[in-house]
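Just below is one structure, and these are the notes that go with it.
Laboratory data are not the source of any read-out in this text; all were calculated from the coordinates shown. Everything numeric in this text was worked out from a predicted model, so none of it was measured. Cβ placement follows ideal geometry from the backbone for every residue including glycine, while neighbour counts extend to all protein chains displayed.
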Amino acid sequence: MTFDQAHKDLIAEHARGRGCNEQEVRAFVAFCEMRQISPVLNQVWVCERKSDGKIMRRPECTIDALRLAAERTGRYAPGKPTEYHYNEKNELIAATVSLRKQTDDKTWHEFSETAHWDEYAARKQDGTLFSTWQRMQHIMLGKCAGQRGDHRMVATVLRVRAVLVGVLGEFTAARSADRYFHRRAASPLSNSG
């Protein structure tokens with residue numbers, strides 16, 4: 001599936017609205033098209049973060065986009081319910097999700113991923129939790145664990161799919177977009193294009 005020009009223009013408009021220069025806009029459109037996801041459908045957006053006083057931008061996929069990519073393979077299924085882990089003070093410290101993945105021999109395998117509170121709880125600059133993390137601790141940490149599992153599965157699926165359907169050129173282009181955004185995240189951005 002490819003996006004028509006009108007859809008590409010909407011994706012580009014999203015990236016420009018997030019402060020991307022034209023090179024970043026082209027990379028973001030390529031990233032979306034190669035993965036068949038779109039900010040128009042709330043599946044991905046350009047995320048701006050500040051680190052050590054530097055502004056960094058990169059594409060950030062929603063958990064729905066990762067699940068969609070996994071679902072498209074026909075080899076993905078949810079596992080058992082999310083497990084939550086607590087310390088001796090009954091404070092939430094981790095969440096574990098289970099996913100099921102089918103291998104080429106048609107065997108289903110269950111695997112799990114765990115997200116730890118101290119690694120994922122989103123905090124403001126003053127150290128306080130964002131309101132969603134204050135109100136919905138279990139949901140937010142469970143989403144992080146789920147995204148870790150979905151990301152691990154989708155990364156494997158994308159590599160295999162690229163080879164199997166003979167679109168290594170497209171896949172390489174998508175990986176180039178990944179590398180571009182990863183490099184840009186490591187250094188401050190300029191708006192000079």
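Annotations for the structure displayed:
- Protection proxy ranking, highest mean first, for peptides 41-50, 63-72, 143-152: 143-152, 63-72, 41-50, where packing is the per-residue count of other beta-carbon atoms within 10 Å, averaged.
- Taking 27 Å as the straight-line reach from the Cα of Lys143, the lysines in range (excluding those fewer than 8 positions away in the same chain) are Lys50, Lys80, Lys89, Lys101, Lys124.
- Long-range tail of P(r) for segment 1-102 (Cα pairs > 24 Å, %): 44 percent
- Projecting label points 7 angstrom from Cα along Cα→Cβ for Thr73 and Val40 puts them 2.7 nm apart.
- A convex hull fitted to the Cα coordinates of segment 97-137 yields 85 cubic angstrom per residue.
- Computed from backbone phi with θ = phi - 60° and the Karplus coefficients 6.51, -1.76 and 1.60, the 3J(HN,Hα) list for segment 81-98 is x, 4, 9, 10, 10, 10, 8, 5, 8, 6, 8, 5, 10, 6, 9, 10, 10, 10 Hz; x is used for glycine and proline.
- Rounded to the nearest 0.05, the FRET efficiency derived from the C-beta distance between Lys106 and Lys80 at R0 = 25 Å is 0.75.
- Counting 0.36 nm for each residue step from Arg18 to Glu91 and taking away their Cα separation leaves a gain of 22.6 nm.
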